[in-house]
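Please treat every number below as a calculation from the coordinates, not as lab data. Model, not experiment: these values are computed from the prediction. Cβ: placed from backbone, ideal geometry, glycine included. Neighbour counts: every protein chain shown.
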Amino acid sequence: MTTPSIVRTSTAELYDAHVLKNYARAPLTLVRGRGARVWDDAGNAYLDFTSGIAVSALGHCHPHWVAAVQRQAAELIHVSNLFRNPQQGELARRIVSFAGPGRVFFCNSGAEANEALIKLARLHGVQKAGGVEGKCYKIICAKNAFHGRTYGGMSATPQEKIQKGFRPLVPGFAFGELNHLQSFADLVDADTAAIFVETIQGEGGINACTPEFLRGLRQLCDQHNLLLLLDEVQCGIGRTGRFYAYEHAGIVPDAIGMAKGLGGGFPIGSMWVRDRFAELFHPGNHGTTFGGTPLACAAALAVLDVIEREGLLEKVRALSAPWHDALRQLAKDFPQHVSGVRGLGFLVGVQLTGDPAPYLAGLRERGLLAPSAGGNVIRLLPPLNATADELAQAVRIFRELLAAKS
Ligand SMILES: *Cc1c(COP(=O)(O)O)cnc(C)c1O
């Protein structure tokens, strides 16, 4: 019999030795979470306004979510899409109740949801071209966009740091200027199948489509028989105080990609397709082994339950106005560091005058975790159930840091 050797290797050493170096990680090992707080392996507590990058919509380990996942894990976890399961049917019904008449496909991530949107655009283009493939396949996206790391998502993401080293990309993507309708209109030709944008750009630095721009895109799509595809992976599922961020503009898209907050920490993605385009998919032309498992759907149903029961959309709307005001005051008091604050609800970008890295480290040392975004922005992504006190605490920590740097 062999006795297992006792190895005392720190997590940092294990990462250094064995984990792929595709992330510049903060020097922090997190071991526990409750609500808007997480603890590291040294016992330090942090206010977590990263929320797993807009994923932990209910904060960490919400009791209703934990109970639902535990119950489902003990009942049935995975059966594949060769069979029905009750949780997937119910979750599809709930998503249709938010988005409108249509159908829902389930996958496991934002990139996969967007991949489904891109494939939908191709199918629509083939139909538009009378069944001929390879003619009508172009998709117009926005400069500064982020749609994920698959070949489709990456090809829709016109950023050198993301595309470099991976060319040739998927052909057919063109890029207009966000909130400049004419720049999109100028790119439309007979080969265009769809327009595809984030309702609010997240990774790009919290840049929202204006309601007028979204309405203009809707009209443009109607005029030219293009699909309007919205990436709500980061801005959807209540983050802006509406279930979907596009609701602020009063439009209806033709398909929506969602993920991140939907599972509240459990990996799940989804595409909703408007009724009239849902039949473009048929048995055999798209699929996934893991998508829509009973466990993933139970986790997402628990998120939707809590959003409804705890009135989180209303709470986000009510708490965000005073919180944004308090953050804007930072820009007024420390213009040498903060040049602006933008965003909607609990999807906020603090525009810094320089590199966010030292600021992120300073916030972390003072007990606040937040991610950066493109263009020298710090994102603040509290869980949807963050309290007024927690929001105020984040502002206090930010203020202390800026005061110390001034
Ligand atoms: C995070 C994100 C994605 C990619 O989602 P993954 O789950 O990482 O594949 C796509 N689009 C947007 C807007 C995102 O924020």
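Things to note:
- With neighbour counts taken as other beta-carbon atoms within 10 Å, the residues R274, R309, R8 rank, fewest first, as R8, R309, R274.
- Estimated FRET transfer efficiency (N285, H78; beta-carbon r; R0 25 Å; 0.05): 0.65
- Projecting the Cα atoms of F346, I378, Q329 onto the charge dipole of the stretch 326-383 (Cβ charges, centred on the Cα centre) puts F346 farthest toward the positive pole.
- Each Lys and Arg Cβ is given +1 and each Asp and Glu Cβ -1; about its Cα centre, the stretch 270-387 then shows a dipole of about 240 debye.
- Among S56, S97, S372, the largest mean-square fluctuation in a Gaussian network model of the chain, built with springs joining Cα atoms closer than 10 Å, belongs to S97.
- Helical mean residue ellipticity (222 nm; -39500 (n - 2.57) per DSSP H run of 4+; nearest 500) of the chain: -11500 deg cm²/dmol
- Over all other residues within a Cβ to Cβ distance under 14 Å of V306, the charged ones net out to -1, with Lys and Arg as +1 and Asp and Glu as -1.
- Burial ordering of S155, S183, fewest other beta-carbon atoms within 10 Å first: S183, S155
- Under-5 Å amide H pairs with A255, H placed in peptide plane, nonlocal only: L228, L230, R274
- In a reduced charge model with +1 at each Lys and Arg Cβ and -1 at each Asp and Glu Cβ, the chain shows a dipole moment near 200 debye about its Cα centre.
- A simple packing score, the average count of other Cβ atoms within 10 Å per residue, orders the peptides 15-28, 252-265, 281-294 as 252-265, 281-294, 15-28, with the highest score first.
- Other-chain or far-sequence residues with amide H under 5 Å of R34's (modelled H): H60
- Leading residue at positive end of dipole, the chain (Cβ point charges), from G265, L14, L227: L14
- Just so you know, the Rg over Rh for the chain is 0.98, from Cα atoms, with Rh as the Kirkwood radius.
- Likely footprinting exposure, F173, F83, F106, fewest C-beta neighbours within 10 Å first: F83, F173, F106
- Taking the stretch 136-181 and dividing mean pair separation by its residue count, relative contact order in percent (alpha carbons under 8 Å, at least six apart): 46 percent
- Placing +1 on each Lys and Arg Cβ and -1 on each Asp and Glu Cβ, with no other charges, gives the stretch 19-116 a dipole about its Cα centre of roughly 140 debye.
- Gyration tensor verdict on the stretch 190-323 (Cα atoms; rounded if a/c is under 1.5, prolate if a/b is larger than b/c, oblate otherwise): oblate
- Between the amide H of C107 and those of G269, S270, M271, G292, distances stay under 5 Å, these residues lying 5 or more places away or on another chain, with hydrogens modeled in the peptide plane.
- Ranked by the mean number of other Cβ atoms within 10 Å of their residues, highest first, the peptides 42-48, 195-201 come out as 195-201, 42-48.
- Proximal aspartates and glutamates to K21, defined as alpha-carbon separation beneath 15 angstrom and excluding residues fewer than eight positions away on the same chain: E13
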